[in-house]
Amino acid sequence: MEDLYREIIIDHYKNPQYRGRLDPHDIHFEDDNPLCGDHIEITLRLDGDGKVADGRFDGKGCAISQASADLLIESIVSKPVEEVKQLTKQDILDLLGIDLGPVRLKCALLSLKVLKAGVYGLGEASDDLIE
């Protein structure tokens, strides 16, 4: 089963469906993982009901960071922002479907950290945003 998830991660890394930038956008945030140099930028467009109408990510980094960003954006399109605010570390791990060590975990969670900082309108991202 883990091999299937590895294939999904590689596919999202090589063929991301949500890579790019939205202009105009309602929410924008970006941050780096200083340990490895991964970078994620997320832009979201909201509809009149407070739902994510569209989302994109851009950045550079390892397969885990880039695939998790693509999977995360895919999972939040059409969801209310209030629901997006409730996403947890476990939600990302469930999307990826594989066990990760501490270093790779930081890579996988960078997109969630950036997303939450953006939807909460914070000036900077913090690991405290990830439960």
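A few notes on this one:
- Taking residues in the stretch 8-28 that are within 13 Å of Asp54 (Cβ to Cβ) and of a type in the set (Val, Ile, Thr), and partners anywhere that are at pLDDT below 95 and not in a loop (DSSP other than H, G, I, E, B), the pairs with Cβ atoms closer than 7 Å and at least 6 places apart or on different chains are Ile27/Gly118; Ile27/Val119.
- Restricting the first member to the stretch 68-87 and to residues that are over 18 Å from Ala117 (Cβ atoms) and modelled with pLDDT of 95 or more, and the second to residues that are outside any helix (DSSP H, G or I) and of a type in the set (Ser, Thr, Tyr), the beta-carbon pairs closer than 9 Å and six or more apart or on different chains are Asp70/Tyr18; Leu71/Tyr18; Glu74/Tyr18; Val77/Tyr18.
- Exactly one residue among Lys106, Lys113 is in contact with a helix residue (DSSP H, G or I) (Cβ under 6 Å, 6 or more places away or on another chain), surrounded by 14 or more Cβ atoms within 10 Å (Cβ to Cβ), at negative phi and touching a residue at least 60 places away in the same chain (Cβ under 8 Å), and that residue is Lys113.
- Residue in the stretch 116-130 that is among the aromatic types (Phe, Trp, Tyr) and crowded, with 20+ Cβ neighbours inside 10 Å present: no
- Inside the stretch 6-26, residues that are assigned to a loop (DSSP other than H, G, I, E, B), under 16 Å from the mean Cα position of the chain (by Cα) and not hydroxyl-bearing (Ser, Thr, Tyr) make up a count of 6.
- Members of the stretch 36-66 that are assigned to a strand (DSSP E or B), more than 14 Å from Lys113 (Cα to Cα) and touching a residue at least 40 places away in the same chain (Cβ under 8 Å): Leu44
- Within the stretch 61-103, the set of residues being within 17 Å of Glu7 (Cβ to Cβ) and out of contact with any Leu (no Cβ under 9 Å at 6 or more places or on another chain) comprises Cys62, Ala63, Gln66, Asp70, Asp94, Ile98.
- Failed item in (1) touching a Lys or Arg at 6+ places or on another chain (Cβ under 8 Å); (2) surrounded by fewer than 21 Cβ atoms within 10 Å (Cβ to Cβ), with Ile73 passing the rest: (2)
The values are calculated or read from the model by the stated rules, or taken from the named source; none is laboratory data. Note that the structure is a prediction, hence the values are computed from the model and not measured. Because the Cβ atoms are built from the backbone with ideal geometry, glycine has one as well, and the counts that use them run over all protein chains shown.
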